[in-house]
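The values are calculated or read from the model by the stated rules, or taken from the named source; none is laboratory data. Quick caveat: nothing in here was measured; it's all calculated off a predicted structure. Note that each Cβ is placed from the backbone with ideal geometry, even for glycine, and that neighbours are counted across all protein chains shown. When the accessible area is computed, the model is the full protein with side chains, heavy atoms only, and any ligands, DNA or RNA have been set aside. Shrake-Rupley method; radii C 1.70, N 1.55, O 1.52, S 1.80 Å.
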Amino acid sequence: MAAIESFDNIYLDLSREHGKCRFAENGLGWKPAGGGDTFTLDQSNIGGAQWSRAARGYEVKILQRNSGVIQLDGFQQEDYERLSKIFKSWYSTNLENKEHSLRGWNWGKAEFGKAELTFNVQNRPAFEIPYSEISNTNLAGRNEIAVEFSLGDGSKANGQNGATAGKGRKAAAGRDQLTEMRFYIPGTTTRKEAEGEDAGSDADEEEKNAVTLFYDTLIEKAEIGETAGDTIATFLDVLHLTPRGRFDIDMYDASFRLRGKTYDYKIQYEAIKKFMVLPKPDDTHFMLCIGLDPPLRQGQTRYPFIVMQFKQDEEVTLDLNLSEEELNGKYKDKLQPHYEQPLHQVVAYIFKGLANKKITAPAKDFTTHRQQYGIKCSIKASEGFLYCLEKAFMFVPKPATYISYEQTQSITFSRVSGAVSALSTFDITVHMKSGAGSSQFSNINREDLKALEDFFKLKGLRVKNEIDEETTLMAAALRDEDMASSDEEVVGPKADRGSADEDEESVDEDFQAESESDVAEEYDSNHESDGSGSAESDVDNQVDDEDEDEDMDEEEEEERPKKKKKTG
């Protein structure tokens, strides 16, 4: 057998680009066809190998001794005998021929291996999930668990050495990425049954809820719980406005973790793009807003911002879990060993030191009519607060909206027509550049109009004030109406008002005005004493009624046709 065996058109770990794979006695190597970094694997790190049907032909899966998995895809069926001799002669390993289940069933048995989670259907693997691709897991229901996958950087997918490759390396190689998978796990089981052959001799045989045991085992196997390092600082029961709930914050060297009653989140500091400290207009709370990319996911819901709330007067005393060497070396001038300050300041300082991000605060050039930084308003039906930062707008808590001034085309001040509060409030519509849409902030106090206009002018933003235009047009219309009405009174002819003018000129001859007193009321003393007057008026009314009846009878007789006399 030759000292080196080569295979062309081989894909490493689902890579987008194929390359050349070479096997030698001391190990194997892979190099992309278009050039780039070469991947190598030492012979001493090869713990096992499997041959199976895959996406681009046949695949050789190499199980490393350090719990890693290497996938080489693109072999032909006739390469099996050749590869089997290579692994047996050079690496003292049998190339196991493993067939996958093709039944398409969605129920089976999940088993935890040394390097991956395997879903078996009738004792055959349907699919495998490497632990290195799992970023987080949550109990999504009573018997349901959600497994979230890492979203790696596609530019680093190819040519990475197995020893330095991070999570999400394989997922980033594809154009589309699987981000989450959910399992329904009913009943109870033991840890020994769950891990199968890989379970240790000291495995717990006590029966537990199957979904809980699955959750605990996956956290340990995939090292989601940050088992490699200790927490630097921990903050308990912190109120979060987005996502809603109370979470414990565990801060590690490279990531931080939010632990709630239902959901847990593990977030890398690299994902933090913005960090803002915003004073709430109630003068009793501060909000810490963290912008994430990629956003936090909870099922189908995405959270690009995390919003925490702290009481202004709540203080804390904290000693960081760091040695003097780390404080004087890696975190020099970034962190202090001891903090005794308000809680929101301590959390902000530690995030700044660990994530190395600048803390953003509201612009000092703008305050409301109550000398506050936050403007109370709403986006559609959601109430919140709008802050004017040095380089952007920020609306919190939900939906958290960030709009930079560079992306703003123009700003329009308007008033809702027909609204009851139209005189006391107004709206702001922010139009984005390149037709990227607009955002409207409603029900802003009218007293903040002047301050906003001055601030936008200071920032060089284009502003259109429709409120002043409407006021000017209405004033002009009122002036025109006043001038028109005055001309009619002086020059114009008298308007024809119908019978109204006749009523003014004609005199009612039958009307007799009371010269000394008005008609007596029921509670006046004259009401009962004027009995004769009332009797006379009754008699007059009766006579008038009889005269009217006689007149009506005469008219009816005149209108009634005369009967023709019969002639004999």
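Determine how large the accessible area of residue 289 is when every protein chain is in place; take a 1.4 Å probe and give Å² rounded to the nearest 10.
Near enough 0 Å² of accessible area.
With a point put 7 Å past each Cα toward its Cβ, work out how far residue 142 is from residue 237 in nm, to one decimal.
Computed distance between label sites residue 142 and residue 237 equals 2.9 nm.
Hey, can you find the accessible area per residue of the stretch 241-371 for me, probe 1.4 Å, expressed in square angstrom?
On the way: 6910 Å² over 131 residues.
Here the residues of the stretch 241-371 average 53 Å² of exposed surface.
Take the cross-link list 280/398; 280/391; 334/364; 274/352; 311/332; 311/334 and give me the ones stretching past 22 Å between alpha-carbons.
Numbers: 280/398 14 Å; 280/391 19 Å; 334/364 25 Å; 274/352 11 Å; 311/332 29 Å; 311/334 24 Å.
Too far apart for the 22 Å limit: 334/364; 311/332; 311/334.
Compute, for residue 287, the solvent-accessible surface of its heavy atoms (probe 1.4 Å) with the complete set of protein chains present, and express it in square angstrom to the nearest 10.
Surface accessible to solvent at residue 287 totals approximately 0 Å².
Between residue 323 and residue 381, what FRET efficiency comes out of the Förster formula 1/(1 + (r/R0)^6) with R0 = 45 Å and r the beta carbon distance, rounded to 0.05? Don't skip to the answer; put the middle values down first.
Details: r = 51 Å, r/R0 = 1.14.
E(calc), rounded to 0.05, equals 0.30.
Suppose accessible area is computed on protein heavy atoms with a 1.4 Å probe; arrange 282, 13 from highest to lowest. Walk me through the intermediate numbers first.
On the way: 282 65, 13 5 Å².
Highest to lowest solvent-accessible surface, that is 282, 13.
Might you work out the accessible area of residue 107 for me, using a 1.4 Å probe with all protein chains in place, and round it to the nearest 10 Å²?
Number for this one is 150 Å².
Using modelled backbone amide H atoms (1.01 Å from N, in-plane), which distant-in-sequence or interchain residues come within less than 5 Å of residue 117's amide H?
129, 131
In percent, how large is the relative contact order of the stretch 9-94, given Cα pairs closer than 8 Å and 6 or more residues apart? Intermediate results must be reported in sequence, preceding the final value.
Values: 158 pairs, mean separation 21.5, N = 86.
Value for the stretch 9-94: 25 percent.
Given H placed 1.01 Å from N in the peptide plane, which residues other than close sequence neighbours of residue 140 have an amide H under 5 Å from its amide H?
So residue 140 has HN proximity to 145, 146.
Hey, got a sec? Which GluC sites (Glu not before Pro) in the stretch 215-309 land in a DSSP loop and have at most 14 other Cβ atoms within 10 Å?
Working: sites: 220, 223, 226, 270; in loops: 223, 226.
Passing both the DSSP loop test and the Cβ count: 223.
Using a/c under 1.5 as the rounded threshold, could you call the stretch 1-144 rounded, prolate or oblate? The axes a ≥ b ≥ c are square roots of the C-alpha gyration tensor eigenvalues, and prolate needs a/b larger than b/c, oblate otherwise. Before the final figure, lay out the partial values.
Numbers: a/c = 1.89, a/b = 1.70, b/c = 1.12.
It comes out prolate by the Cα gyration axes.
Please report the carbon-and-sulfur percent of the accessible area for the stretch 1-154; probe 1.4 Å, protein heavy atoms only, DNA, RNA and ligands left out. Write out the running numbers ahead of the final one.
Numbers: 3260 of 7780 Å².
So the carbon and sulfur contribution to the accessible surface is 42 percent.
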